[in-house]
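Structure record follows, encoded as structure tokens.
Rule-based calculations on the coordinates, nothing more; no lab input. Model, not experiment: these values are computed from the prediction. As a convention, Cβ positions derive from the backbone with ideal geometry for all residues, glycine included, and neighbour counts pool all protein chains shown.
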Amino acid sequence: MRFLFRPPAHEAAELLSLPWDQPLEEWDEQLLLEVPQRGISRHVVRFVASGRHVYALKEIAERLARHEYALLSHFEEEGLPTVSVLGICVDRPGQQEAILVTRYLEYSMSYRWLFSSPRAEHSAELLLDTMVELLVRLHLAGVFWGDCSLSNTLFRPDAGALAAYLVDAETVERHPTLSAGQRRYDVDLARERVGAELLDLQFGGLLPEGIDPITTAEGLPPRYEALWEEVTAEQVFGADEQQWRITERLQRLNDLGFDVGEVELITSPEGARLRVETRVAEPGQHRRELLRLTGLEVQERQARRLLNDIVAYRAWLEQKTGKPVPEPVAAHRWLAEVYQTVMAAIPPELAGRLAPAEIFHEVLVHRWLLSEKAGRDVGTEEAARSYVANVLPRTPPEVTTPSVIAGRATGR
Ligand SMILES: Nc1ncnc2c1ncn2[C@@H]1O[C@H](COP(=O)(O)OP(=O)(O)OP(=O)(O)O)[C@@H](O)[C@H]1O
Ligand SMILES: [Mg+2]
């Protein structure tokens, strides 16, 4: 047998004791983790906990495993939103297929879980918009997916919205750029698959009333076209409105969650033409800023939310002390006095249901609701107490996070 693993090597080393010579289907149940509500899959896919991590293992033909391994490695280097690949195991005895190993995407949920959750506020619309954003991002990078579906996408809560990740790259083709025809074809495949998946959910009684599978899926291509147009369109405007037009456009792209690369402005006496190179990578401006200030690693929208809270806290500190408070000082105090106070209020049995930053975001939303009802600001501490008592328990524990499932596996 042969293992090909990407660094860090210690992670791979932890996995070497698994029974790679046996068919994945026959692995001892004791080694495996139950991950509920997954998408529809053709291959044998199993989950294992090893060390502090959880991995997804997929049995698949060697040629495809190598293809997927190489692609996912590149995607990760480029910062595209995909699952992270660890390696492959090939040359298994008795002509068995290869096994592809990816890291379990923490705090991710499948669409089945999202629809069947008692907190199914994630409407079909939101799900589609998130998928469309993922497709646009991939297409900008020259990635033809060929199998875009709800089953092949994982969703993560991101400050009340969702972020989507590609999980299955088996059919992916990489090109320098995609033609309009290739893009249209990819979107059309997605429309068909999503329609079938929603019908399947409806059949299983999991689709909320009032969502029509076909009409919903038909909404995918126009949404895609609108977003594609928005991020790629060339703009023409008069010479006197140049500056604010550029600012407006860049702000809009940032708001949509895209980063901006090179900006090209071609001027002529009649006016100007603006071409913007939209970056495909996961947007990172706010994440980097929050990491620098607090050491917290979170998702982009969550970071924006937390940074706003730091700004508000800084203003409050300055008002209270009557002196200017430097940003790093404010961030440090916010972390200790606000963020960690909220985290400390979460009992261990409820921790792990959502990412900590998502919990913080929900506490802020809850604080706003409570304050509005009370006609005064109830404060973060009181909001956290009420949230932990009344809201968080409604998030079902089925949301599998490595800490939760690893704990379950070792009986902790
Ligand atoms: N790294 C991962 N983290 C979380 N969930 C994962 C991961 N890898 C796979 N899954 C889950 O397992 C399911 C099946 O995985 P995948 O789509 O790669 O295999 P498959 O469906 O058998 O392949 P195909 O779509 O070609 O039939 C996914 O829908 C996803 O829910
Ligand atoms: Mg799949």
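Things to note:
- C148, C89 arranged by Cβ crowding within 10 Å, fewest neighbours leading: C89, C148
- Dipole of the chain, positive end: most advanced residue of Q202, W113, A239 [Cβ charges, Cα centre]: W113
- Calculated FRET value between N308 and I211, using beta carbons and R₀ = 35 Å, to 0.05: 0.60
- For the range 2-104, the dipole from Cβ point charges (+1 on Lys and Arg, -1 on Asp and Glu) about the Cα centre works out to 200 debye, to the nearest 20.
- Square roots of 5 times each gyration tensor eigenvalue, C-alpha, the range 233-278, largest first, Å: 20, 11, 7
- Amide proton proximity set for V54, modelled H, under 5 Å, gap of 5+: Y104
- Convex hull projection area averaged over all views, the range 333-375, Cα basis, nm²: 3.5
- Taking N as its residue count, the alpha carbon Rg of the range 282-394 over 2.2 N^0.38 Å: 1.08
- Separation of the range 180-246 from the range 249-326 is 25 Å, based on Cα centroids.
- Of the residues D212, D255, the one with the fewest other Cβ atoms within 10 Å heads the list, and the complete ranking is D255, D212.
- Normalising by residue count, the chain has a Cα convex hull of 183 Å³ per residue.
- Around the Cα centre of the chain, unit charges on the Cβ atoms of Lys, Arg, Asp and Glu (plus for the first two, minus for the last two) sum to a dipole of about 1100 debye.
- Nearest-0.05 FRET efficiency for I40 and M1, computed from C-beta distance (R0 30 Å): 0.50
- Distance between modelled label sites at L265 and L250, nm, 7 Å Cα→Cβ extension: 0.9
- Projected area, mean over directions - the range 65-173, Cα convex hull, nm²: 7.7
- Computed log₁₀ I(q)/I(0) - Debye formula, equal Cα scatterers, no solvent, the range 111-230, q 0.17, 0.23 Å⁻¹: -0.81, -1.43
- Counting other Cβ atoms within 10 Å as a rough exposure proxy, the listed residues H175, H286 run H175, H286 from fewest neighbours to most.
- Distance histogram in 5 Å bins (all Cα pairs of the range 2-104, percent per bin): 2, 12, 24, 26, 22, 11, 3, 0
- Charge-dipole axis of the chain as Lys and Arg at +1 and Asp and Glu at -1 on Cβ define it, positive-most pick from A180, H332, T130: H332
- When only Cα pairs below 8 angstrom with a gap of at least 6 residues are kept, the range 271-334 shows a relative contact order of 27 percent.
- Förster radius 41 Å - calculated FRET efficiency between S371 and D91, Cβ distance, rounded to 0.05: 0.10
- Sorting the segments 20-28, 315-323, 301-309 by their residues' average number of neighbouring beta-carbon atoms within 10 angstrom, most packed first, yields 301-309, 20-28, 315-323.
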